[in-house]
Amino acid sequence: MPATMTSSVTTRTTCPYCGVGCGVLATRTGEGSIKIKGDPQHPANFGRLCSKGAALADTVGLEGRLLHPEIRGVRSSWDQALEEVALRFREAVEQSGPDSVAFYVSGQLLTEDYYVANKLMKGFIGSANIDTNSRLCMSSSVAGHKRAFGEDIVPGCYDDLELADLIVLVGSNTAWCHPVLYQRIVHAKKQRPTLRIVNIDPRRTATSDLADLHLSLRPGTDVTLFNGLLDYLRRHDRLDLAFLDAQVEGFGEALAMARQSSPSLPAVAAACGLAEADLATFYRWFAETDKTVTAWSQGVNQSSSGTDKVNAVINVHLATGRIGKPGAGPLSLTGQPNAMGGREVGGLANQLAAHMDLEDPQHRQAVQAFWQAPVLAAKPGLKAVELFQAVATGKIKALWIMATNPVVSLPDARAVRRALATCPFVVVSDCEDGTDLKSFAHVRLPALAWGEKDGTVTNSERRISRQRAFLAPPGEARADWWAMTEVARRMGFAEAFTYTHPGEIFAEHASLSGWRNGGTRLFDISGLAPLDVSRYEALEPVQWPVHAACTEGTPRLLASTPLPRGKARMLPLDPRPPANGIDDAYPLVLNSGRIRDQWHTMTRTARSPRLNQHISEPYAELHPEDAARQGLRSGMLVRLSSPWGEALARARISDDQRPGSVFMPMHWSEQFARQGLVNALVNPVTDPLSGEPESKHTPVRLAACDLTWHAFLITRRPKVIPACDYCATIRGDGYWHYELAGQDAPANWQAWAQDLLDEPDGEWIDYMDRSAGRYRCALLRQGRLEACLFVSRSEDLPPRDWLTGLIAQSALTPASRMSLLSGRPANSSDDPGRTICACFGVGLNTLTRAIASQGLRSPEQIGQALRAGTNCGSCVPELKRILADLAVPEVQA
Ligand code: SF4
């Protein structure tokens, strides 16, 4: 609830990024600025925030916002736009049936938005063609939970990470992707050094630095690994026979298959590409530690056998009875802030609502009766990848996309673009104006952004929290639930869509969860149904179920109470290799994923200069052996090719990669890097049960990018860069930075630069070496650096950090001016180097010098000297790596 503090107003809300769901205190100061702090009372983070959360204030400006509805690129009124949407959807349904229309929504939506979307599509339009970008990140966990528990249930909670004696992190770079949970684990290990951490991931990541054991398994062999563990547990008498007898079925079949697929420790080690001794250590630690949490993320889910991998993890927890107990259980870490809320309302094409099943006639009848709906979808709809394939074949005549950008985030993204270009009617609801999706929309509807939205989200531990508005809606931006309600009314469903406040929607959602439930579904928040608007405003974070028997919520499930739908189920799992293996044409495995300081397609985080400094361009990280085979060096532009497309990225050579594998971040769209789109490469094959794409295993090849010129431009004002083969756009603090490369060089670089910068009254200094293909120029005004351009035939250009620092100076010193076109300061200590700590802008060179000159030996000592790592802590793993790379023996704090 907002609380007045002198002239400032503080609002308790939640972070809009990852599934940790951190509480945030957003304060509007008397001067109108926004200050962000972690909410010390929120049980997900207890006041912590990561670099992204801490930079939220940088992202709330109105620059680049979509603020008015548009029809075919022309501004319209809301009324016109809503009429057009309702008319075109109604026409499509009348002419081609309900399955000719679809919604593609997002884990960024609030639960209230999601609820209205699901109700409109499944109960009133009569199709289940509503799917979500959550399909791309955790639908394998949903399918795995449903197979094991009969319902999509996360049994444990975050506190278990602190109570555990062993934490197994599988396919999860927790340090970068769920940073506050990682900080909680770091803190727990500091308090209790006997806490063991095992990190199972083909890549060595920032998370591996905390691990007592890193298992760099062969990609795709997780089921073999956990099947082997199941058999090991039986052979070493570590099963919980009483729990198995009372609460679990399927043990015999699961064990038989495990023994068949993983007959011995040496066989498993060979199949998984692991040292036998390391594998034996993991199995022994797991066997001897009752308080074990296994947490996983996209490295498990994003696979053509993702559901089996999830069940392989759950199998070993069921076999040992380590489930739903303090410090013990399987824990799926969801990617998005409200992926879980979407699951609760049935926002996936194969779900109903309130954890009811589309295939169950009683459930369908219950939902239809509750909604008083004229029809109810009778069969599952199209899952995300299938949905856009149906767009391509012309089956979908009208599509409404909300809060997501499928032309960037779906696999085989170029095919998605081609499909959308043929779709007769596309509606896009977004708060951003300039996304890659813009050109495909017939109608665009301006949505609210974080800070303006008002509703609820559910995090990875089933905790429902309020996301509260603290900013007025700008322009004509409106809530997504409101836009859908208005369309529903115009389609003839006014009586069922009377909402005027998100609290009314939440109350209806809560009522539905208890409707004809009678203990048959664990998802029951009927205890929240009586909330009026003022109690909804004041709602405190609470973990479902919340009903008459547990009014304060429920931290853990399944330990002692049987499942409503019978026993939990262990699955016999026959390991399947990834759908497409490598061959001579495509000899490397591409793995895509997140980086520390960016979120999804960067529409919000790229607004923050400090978040853009850590990693500024798309990159392809590969092992030194693979790089040597191709003659590649770090910093070169490389071309990645797969059977589905191509992309360009900057090479990084690191033995953190397994030989034969490449990692590339998922974030860059055409908006921020021409040709940097990883999903142009990614295989669109999916898990047969969950429909989740195999984003971690695409066969690719790599080659040096044969371009004739390379350049960078740093300028105070954004510029429209002419066509070239590669252009990465990086927003800095008071400047724009472009990395450029191309095949056809301009005939005259001087004219090109003057044309582009278009600043006739400035002072130009430049330098040309035609024979070397080198050109450098700078534009100054009254002694201040306005812009500079450096061009070369190769990537061998000066570092950018010193030059971007000069932009901040009101006038160049004579020494800086003298050195300007060399690109390097006369005194090397003036160059901070690549940013490591985003919160305090501390660069690699600054760190290296301080470590050497001040004898710093630990991240704590670095923090005392330079403040690096003392705010959000996200850079602490890198500080450790820098110390290790400099061979500085670390001292314990
Ligand atoms: Fe936001 Fe970071 Fe917390 Fe995730 S860990 S919710 S990104 S502050």
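Values for this structure:
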read-out: Among residues of the stretch 223-239, those that are under 22 Å from ALA164 (Cα atoms) and either buried (at least 22 other Cβ atoms within 10 Å of the Cβ) or modelled with pLDDT under 95 (or both), counted; value: 5
read-out: Residue within the stretch 476-492 that is under 24 Å from VAL9 (Cβ atoms), among the charged types (D, E, K, R) and open to solvent by 10 Å² or more (accessible area, probe 1.4 Å) present; value: yes
read-out: Options ARG218, ARG203, ARG147: the member that is assigned to a helix (DSSP H, G or I), more than 16 Å from the ligand (Cβ to nearest atom), open to solvent by 10 Å² or more (accessible area, probe 1.4 Å) and not aliphatic (A, V, I, L, M); value: ARG147
read-out: Members of the stretch 7-26 that are open to solvent by 10 Å² or more (accessible area, probe 1.4 Å), free of Cβ contacts under 8 Å to residues at least 40 places away in the same chain and within 16 Å of the ligand (Cβ to nearest atom); value: LEU25
read-out: Candidates ALA117, ALA54, filtered to the one that is open to solvent by less than 10 Å² (accessible area, probe 1.4 Å) and either out of contact with any Pro (no Cβ under 9 Å at 6 or more places or on another chain) or under 21 Å from ALA378 (Cβ atoms) (or both); value: ALA117
read-out: Residues of the stretch 639-655 classified as in contact with a helix residue (DSSP H, G or I) (Cβ under 8 Å, 6 or more places away or on another chain) and part of a loop (DSSP other than H, G, I, E, B), total; value: 3
read-out: Residues of the stretch 126-144 that turn out to be within 19 Å of VAL367 (Cα to Cα) and open to solvent by 10 Å² or more (accessible area, probe 1.4 Å), as a count; value: 1
read-out: Selection count where residues are open to solvent by 10 Å² or more (accessible area, probe 1.4 Å) and farther than 25 Å from THR14 by Cβ, scope the stretch 172-195; value: 6
read-out: ASP160 vs. criteria open to solvent by less than 20 Å² (accessible area, probe 1.4 Å), farther than 22 Å from ASP290 by Cβ and acidic (Asp, Glu); value: no
read-out: Selection count, the stretch 356-382, where residues are under 19 Å from THR111 (Cα atoms) and buried (at least 24 other Cβ atoms within 10 Å of the Cβ); value: 2
read-out: Scope the stretch 27-53; condition more than 7 Å from the ligand (Cβ to nearest atom) and outside any loop (DSSP other than H, G, I, E, B); matching residues; value: THR27, ARG28, ILE34, LYS35, ILE36, LYS37, GLY38, SER51
read-out: Those residues of the stretch 33-85 which are touching a Ser or Thr at 6+ places or on another chain (Cβ under 6 Å) and among the hydrophobic types (A, V, I, L, M, F, W, C), in sequence order; value: CYS50, ALA55
read-out: Residue, farthest from the ligand (Cβ to nearest atom), within the stretch 323-344, restricted to residues that are in contact with a Gly (Cβ under 7 Å, 6 or more places away or on another chain) and either open to solvent by 10 Å² or more (accessible area, probe 1.4 Å) or on the phi > 0 side of the Ramachandran plot (or both); value: GLY324
read-out: Pair list, Cβ < 8 Å and 6+ apart or interchain, from the stretch 593-606 residues that are within 17 Å of VAL407 (Cα to Cα) to residues that are within 10 Å of the ligand (Cβ to nearest atom) and among the hydrophobic types (A, V, I, L, M, F, W, C); value: GLY593/CYS177; TRP599/CYS18
read-out: Filter result for the condition that a residue is free of Cβ contacts under 8 Å to residues at least 12 places away in the same chain and among the basic types (Lys, Arg), over ARG192, ARG184; value: ARG192
read-out: Yes/no for GLY299 being of a type outside the set (Lys, Arg), on the phi > 0 side of the Ramachandran plot, outside any strand (DSSP E or B) and open to solvent by 10 Å² or more (accessible area, probe 1.4 Å); value: no
read-out: Meets criteria (open to solvent by 50 Å² or more (accessible area, probe 1.4 Å), touching a residue at least 24 places away in the same chain (Cβ under 8 Å) and in a loop (DSSP other than H, G, I, E, B)) for PRO684; value: no
read-out: Qualifying residue in the stretch 57-79 (condition: within 26 Å of TRP400 (Cβ to Cβ), more than 16 Å from the ligand (Cβ to nearest atom) and surrounded by 23 or more Cβ atoms within 10 Å (Cβ to Cβ)); value: yes
read-out: Test: residue in the stretch 566-579 that is at pLDDT below 95 and either outside any loop (DSSP other than H, G, I, E, B) or more than 30 Å from PRO659 (Cα to Cα) (or both); value: yes
read-out: Options GLY841, GLY869, GLY873, GLY833; residue that is open to solvent by 30 Å² or more (accessible area, probe 1.4 Å), of a type in the set (Gly, Ala, Ser) and under 20 Å from ARG610 (Cα atoms); value: GLY841
read-out: Candidates LEU512, LEU531, LEU471, filtered to the one that is within 30 Å of GLY329 (Cα to Cα) and either of a type in the set (A, V, I, L, M, F, W, C) or under 27 Å from the mean Cα position of the chain (by Cα) (or both); value: LEU512
read-out: Unmet requirement for GLU112, which otherwise passes all of (1) among the charged types (D, E, K, R); (2) within 30 Å of HIS178 (Cα to Cα); (3) free of Cβ contacts under 8 Å to residues at least 40 places away in the same chain; (4) away from the ligand (no atom under 16 Å from the Cβ); value: (3)
read-out: Where GLY347 falls short, out of the listed (1) farther than 30 Å from PHE103 by Cβ; (2) crowded, with 24+ Cβ neighbours inside 10 Å; (3) away from the ligand (no atom under 16 Å from the Cβ); (4) not β-branched (Val, Ile, Thr); value: (1)
read-out: Residues of the stretch 395-448 that turn out to be farther than 28 Å from THR59 by Cβ and under 20 Å from the mean Cα position of the chain (by Cα), as a count; value: 1
read-out: Meets criteria (away from the ligand (no atom under 16 Å from the Cβ) and either touching a Cys at 6+ places or on another chain (Cβ under 7 Å) or under 16 Å from MET570 (Cα atoms) (or both)) for ASP308; value: yes
read-out: Yes/no for VAL533 being of a type in the set (A, V, I, L, M, F, W, C) and surrounded by 19 or more Cβ atoms within 10 Å (Cβ to Cβ); value: no
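The values are calculated or read from the model by the stated rules, or taken from the named source; none is laboratory data. Just so it is clear, the structure is predicted and the values come from calculations on it, not from any experiment. When we count neighbours, we look across all protein chains shown, and the Cβ atoms used for this are built from the backbone with ideal geometry, even at glycine. What goes into the accessible areas is simple: the full protein's heavy atoms, side chains included, and nothing from ligands, DNA or RNA. Shrake-Rupley method; radii C 1.70, N 1.55, O 1.52, S 1.80 Å.
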